[in-house]
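This report concerns only the one structure given below.
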Amino acid sequence: MEVSAAEARRFFIRRHLLAPPRALPATTASVLAVAERFGSLQFDPLEVTGARNHELVLFARIANFRRELCNDLLYPKHSKRRLFEAYNKSLNLLPVGELPWHRFAWKRAQGRHAGRLLIEHSKLAKRMLSRLRDEGPLAPSDFDATEGKESVKGHWGVPTSLTRHVLDALFMTGRVGIARREGTRRIYDLTARLFDRELLARRVSASESIRHRLLSRHRAVGLMGRTAAPELVYGIATASERNKHLKALVDGGALHEVSVEGLRGPRYVLAEERSLLLARDDIAPHVSFIAPLDPFVWDRELVRDLFGFDYKWEVYTPAAKRAHGYYALPILFGERLVGRIEPRLQRQTPQLDVLGIWLERGFDPETDGFVSAFGETLRAFATFVGAERVKLGRGKTCRWIAVRLPS
């Protein structure tokens, strides 16, 4: 199939459940539907906006979303677990049905640094597993209290205690899982107690796992090409193996090859989403705030080439070198990415401060419907994070919008 850039943009927005935004009902079924659509939702502990990344992803698609809807699936008290946390490209939330294919990642970790660490500190690992078996869910601090806080360099070069380092290795190799969180603190338990025995017993081959996980990346990104940024395919397989499995997915009809105007090389769409490419009607001028690690912007190069929007998440950029804010969210208006907004929740007040709004060069904010659509989303966002008032910053664009927003 050959499609124009405009058709590809409309397809991309629709398949990411943003046309219109916040259209799904506020139910746990909607949370599962979003998680299953993308295969995984990226977790990040920062919540300067008043919500974490995966919650921002869900807010953009679910009307009146509340974090309890997700937490009830992740950390259930009286029902089966429907989502779980695991390293899948990075730390992600996955539907539990993904677990049999994810075991491949656990096995791979056993042959890498995490596995070597567990061999080197096998006695400590055994004591920790024994305590979990006997005492039930425990926090890292519970092990620090008994084993000491010997400082080591963690998996990502960050100083941590040896017990936390070993606990993370047990998590990466699938021996333990995150039973719940208390704020940012993880509470661990044995994997065997977190999932149904039948689910844990299910096995798939390494080849099946690679193919399934590669398809999952295409499910998350949409219009992904044959090659991708390293972080998008990290942990799946080698480039030659991915090419072999990509061909099998195309030959088997799971993926369809598409040529997009202005994009290099072939792109691929899920078979069940092919009909979306044929939709000809325009997308209504709604506004969405896109999370910095939303699947919509996982492929930054694709977003740049398709939307003309060069997005960088600047949390790791020194303040003096930032072009925009510390935690700026892309603004989607209709079929265009038109700017960025940096909201920050002051919990004591509680007030939502909009520290900055940066509109793209060439975008006219006088465009019919933009201010009212922006105001609607901003009010919904403030309600979502529990803010009682909104304060727009002193920047020229903030002041201009503040004057035009209805009270």
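The values are calculated or read from the model by the stated rules, or taken from the named source; none is laboratory data. This structure is a prediction, so every number in the text was calculated from the model and none was measured. Neighbour counts are summed over all protein chains in view; Cβ atoms, including those assigned to glycine, are modelled from backbone coordinates with ideal geometry. Only protein heavy atoms, including side chains, enter the accessible area calculation; ligands, DNA and RNA are left aside. Shrake-Rupley method; radii C 1.70, N 1.55, O 1.52, S 1.80 Å.
Just for the stretch 205-226: of the residues that are hydrophobic (A, V, I, L, M, F, W, C) and assigned to a helix (DSSP H, G or I), which one is surrounded by the fewest Cβ atoms within 10 Å (Cβ to Cβ)?
Going through the qualifying residues, I end up with ALA206.
Inspect the stretch 104-127 for any residue being touching a residue at least 24 places away in the same chain (Cβ under 8 Å) and not in a helix (DSSP H, G or I) and give the result as yes or no.
Checked the stretch 104-127: at least one residue is touching a residue at least 24 places away in the same chain (Cβ under 8 Å) and not in a helix (DSSP H, G or I).
Among the residues of the stretch 142-164 satisfying the criterion of being closer than 30 Å to LEU73 by Cα and in contact with an Asp or Glu (Cβ under 9 Å, 6 or more places away or on another chain), which is most open to solvent (accessible area, probe 1.4 Å)?
Per the criteria, the residue is ARG164.
Being touching a His at 6+ places or on another chain (Cβ under 9 Å) and either open to solvent by less than 30 Å² (accessible area, probe 1.4 Å) or in a helix (DSSP H, G or I) (or both) is the filter here, so list the residues in the stretch 2-34 that pass it.
LEU18, PRO21
Quick one: in the stretch 275-310, of everything that is among the aromatic types (Phe, Trp, Tyr) and open to solvent by less than 10 Å² (accessible area, probe 1.4 Å), which residue is nearest to the chain's Cα centre (by Cα)?
Per the stated criteria, the residue is PHE296.
Would you pick out the residues in the stretch 227-245 that are open to solvent by 60 Å² or more (accessible area, probe 1.4 Å), outside any loop (DSSP other than H, G, I, E, B) and touching a residue at least 40 places away in the same chain (Cβ under 8 Å)?
Within the stretch 227-245, just GLU231 meets the criteria.
Being open to solvent by 40 Å² or more (accessible area, probe 1.4 Å), closer than 22 Å to VAL297 by Cβ, touching a Phe, Trp or Tyr at 6+ places or on another chain (Cβ under 9 Å) and not acidic (Asp, Glu) is true for just one of ARG361, ARG340, ARG344. Which residue is that?
Among ARG361, ARG340, ARG344, only ARG344 is open to solvent by 40 Å² or more (accessible area, probe 1.4 Å), closer than 22 Å to VAL297 by Cβ, touching a Phe, Trp or Tyr at 6+ places or on another chain (Cβ under 9 Å) and not acidic (Asp, Glu).
Among ARG52, ARG61, ARG66, ARG82, which is the only one that is of a type outside the set (A, V, I, L, M, F, W, C), under 25 Å from PHE104 (Cα atoms) and modelled with pLDDT of 95 or more? Outline the logic, then answer.
Values: ARG52 fails: under 25 Å from PHE104 (Cα atoms); ARG61 fails: under 25 Å from PHE104 (Cα atoms); ARG66 fails: under 25 Å from PHE104 (Cα atoms).
Only one candidate passes the filter, namely ARG82.
Taking the stretch 246-279 as the region of interest, how many residues are without any contact (Cβ under 8 Å) to a residue 12 or more places away in the chain and part of a loop (DSSP other than H, G, I, E, B)? It would help to see each step written out before you state the result.
Of all residues in the stretch 246-279, those without any contact (Cβ under 8 Å) to a residue 12 or more places away in the chain come to 247, 251-252, 272, 275, 278.
After this cut, where a residue has to be part of a loop (DSSP other than H, G, I, E, B) as well, the list is 252.
Of the residues in the stretch 246-279, 1 are without any contact (Cβ under 8 Å) to a residue 12 or more places away in the chain and part of a loop (DSSP other than H, G, I, E, B).
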